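Student: I'd like to ask some things about the structure below.
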Amino acid sequence: MTVGIVGGRGTGKSVFVALLAQSAINYTNEMKAHFRYYTDPKFTAVIGDIITSLKMKMWPPATLKGSLIEYRFWFGYSNILTRWLVDTWGPIDKLMEILNFERAKLFNIVEFSLYDISGEDVDILRQALARSEHGESIDEILPQNLRRLLECDVLVFLIDASKITTDINDPAYKEMLEYDNVMAQLMSTVALYRSRRYRGKQNRLFPVFVVTKFDTLEPKIRRALGIPDSYSHWVASVSRDDIEDRVDKILYRFFQHTRALVLGGTLHGVELEKARAFVSYVETELNEEGVPVPKVYSPDGISYEISYSRSEYIEFIKYFGKIANKIKVSHEEPGKYVVGLGR
């Protein structure tokens, strides 16, 4: 299974990946019998730096340092055997020692790799598909990271809420429309490639939309969507259906081209599963200079945590656990779970 995370410049990708890692760290410590998280050493250092910045009430640098292609991390989801052992025997550490059983076999391991995917790459992908119609090999035309993107089973689009606007005279309005076209083109290109490659086979593509910087959504837009000003309480308390309904309304009103391509993929034989949606934010407070900085809080009076949309990230993690088997059976050979990170 391959997962591509794509975002335009400044959509909060560094913070999104860091919060995903922080959520996986917490989830592992809380649910160690059913979920595990591990990272490549280079990725561990970079993500650690970003998390440290946020906990110190500072924003991280605009881009992750180094070559993202080198960083990897893993999610491990408990399999049927693990759940049976836990339900039957309780904590299984001693049982594993007695049986001398390889602990890794207790988990369905998901590998994520990070790749830089820029908006301009969409044009390269489209041109490569056109050339392939005349006999040229996709493998020879495209670099490895773009070939991986075409194989995506899941496309995660990051949408910057701060760039959603109703003001036609605001430069952000044009950026919003252009990003809609980029997302639509990428969806269209991947669907076309998959329709050729998997012709006659089960061919499902899972689109996911994450609205980043959700706290910056214009109050006028938020209220029109029926979202209260106390957005953090709303996110933590409402149902998944409510959140996905609001994000769908954002797509319907501001990213119409992309939404139409999600619905129209079936015409090319690519069954696009119901798009899932999540929201992401870091709550802010003003520092001594009056500048908004990440907010932290102490849940137990002795340690500090970042105040962010934790419940959404946990649902995001759970979602991949739910669809893993769905996608696995649709491929002749098990694939790797790859995350492509936009610039």
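The values are calculated or read from the model by the stated rules, or taken from the named source; none is laboratory data. Bear in mind that the values here come from a model prediction, so they are computed numbers and not experimental data. With ideal geometry, Cβ positions are generated from the backbone for all residues, glycine too; neighbour counts draw on all protein chains shown. With ligands, DNA and RNA removed, areas are computed over all heavy atoms of the protein, side chains included. Shrake-Rupley method; radii C 1.70, N 1.55, O 1.52, S 1.80 Å.
Student: At pLDDT 65 or above and under 29 Å from the mean Cα position of the chain (by Cα): does that describe GLU151? Step through it out loud before you land on a result.
Tutor: On the way: at pLDDT 65 or above: yes; under 29 Å from the mean Cα position of the chain (by Cα): yes.
Answer is yes for this residue.
Student: If you don't mind, another one. Specify which of the listed residues (THR2, THR63) is open to solvent by less than 70 Å² (accessible area, probe 1.4 Å), β-branched (Val, Ile, Thr), touching a helix residue (DSSP H, G or I) at 6+ places or on another chain (Cβ under 8 Å) and modelled with pLDDT under 85.
Tutor: Values: THR63 fails: open to solvent by less than 70 Å² (accessible area, probe 1.4 Å).
Criteria check complete, one pass: THR2.
Student: Residues of the range 187-239 being of a type in the set (D, E, K, R), within 21 Å of the chain's Cα centre (by Cα) and under 23 Å from VAL282 (Cβ atoms), which ones?
Tutor: Of the residues in the range 187-239, the ones of a type in the set (D, E, K, R) are 194, 196-197, 199, 201, 204, 213, 215, 218, 220, 222-223, 229.
After this cut, where a residue has to be within 21 Å of the chain's Cα centre (by Cα) as well, the list is 194, 204, 213, 215.
Listed by number, the residues that qualify are LYS213, ASP215.
Student: If you check LYS322, LYS249, LYS318, which single one turns out to be more than 27 Å from TRP59 (Cβ to Cβ), in contact (Cβ under 8 Å) with a residue 24 or more places away in the chain and assigned to a helix (DSSP H, G or I)?
Tutor: Numbers: LYS322 fails: in contact (Cβ under 8 Å) with a residue 24 or more places away in the chain; LYS318 fails: in contact (Cβ under 8 Å) with a residue 24 or more places away in the chain.
From the options LYS322, LYS249, LYS318, the qualifying one is LYS249.
Student: Mind listing just one residue for me: the one in the range 206-246 that is open to solvent by 20 Å² or more (accessible area, probe 1.4 Å) and part of a loop (DSSP other than H, G, I, E, B) and, of those, nearest to ILE159 (Cα to Cα)?
Tutor: Applying the filter and picking the extreme gives LYS213.
Student: Being surrounded by 14 or more Cβ atoms within 10 Å (Cβ to Cβ), closer than 30 Å to GLY226 by Cα and at pLDDT below 95 is the requirement here; does ALA324 meet it? Quick ask: steps written out before the conclusion?
Tutor: Values: surrounded by 14 or more Cβ atoms within 10 Å (Cβ to Cβ): yes; closer than 30 Å to GLY226 by Cα: no; at pLDDT below 95: yes.
No; evaluated as a whole, the condition is false for this residue.
Student: Mind counting the residues in the range 146-157 that are part of a helix (DSSP H, G or I) and crowded, with 18+ Cβ neighbours inside 10 Å? Walk me through it before giving the result.
Tutor: Initial filter on the range 146-157 (part of a helix (DSSP H, G or I)): 146-150.
Now narrow it down to the ones that are crowded, with 18+ Cβ neighbours inside 10 Å: 146, 148-150.
The number of residues fulfilling the criteria is 4.
Student: Being open to solvent by 30 Å² or more (accessible area, probe 1.4 Å) and either among the charged types (D, E, K, R) or part of a loop (DSSP other than H, G, I, E, B) (or both) is the filter here; which residues of the range 276-300 pass it? Don't jump to the end; show me each part of the working.
Tutor: Here is the first cut: in the range 276-300, the ones open to solvent by 30 Å² or more (accessible area, probe 1.4 Å) are 276, 283-292, 295, 297-300.
Scanning the range 276-300 gives ARG276, GLU283, GLU285, ASN287, GLU288, GLU289, GLY290, VAL291, LYS295, SER298, PRO299, ASP300.
Student: Could you list all residues from the range 158-196 that are buried (at least 16 other Cβ atoms within 10 Å of the Cβ), of a type outside the set (S, T, N, Q) and outside any helix (DSSP H, G or I)?
Tutor: Of everything in the range 158-196, those that are buried (at least 16 other Cβ atoms within 10 Å of the Cβ), of a type outside the set (S, T, N, Q) and outside any helix (DSSP H, G or I) turn out to be LEU158, ILE159, ASP160, ILE164.
Student: Moving on to the next point. Exactly one of these conditions fails for VAL122: (1) at pLDDT 65 or above; (2) surrounded by fewer than 14 Cβ atoms within 10 Å (Cβ to Cβ); (3) of a type in the set (A, V, I, L, M). Give me its number.
Tutor: All conditions pass for VAL122, except number (2).
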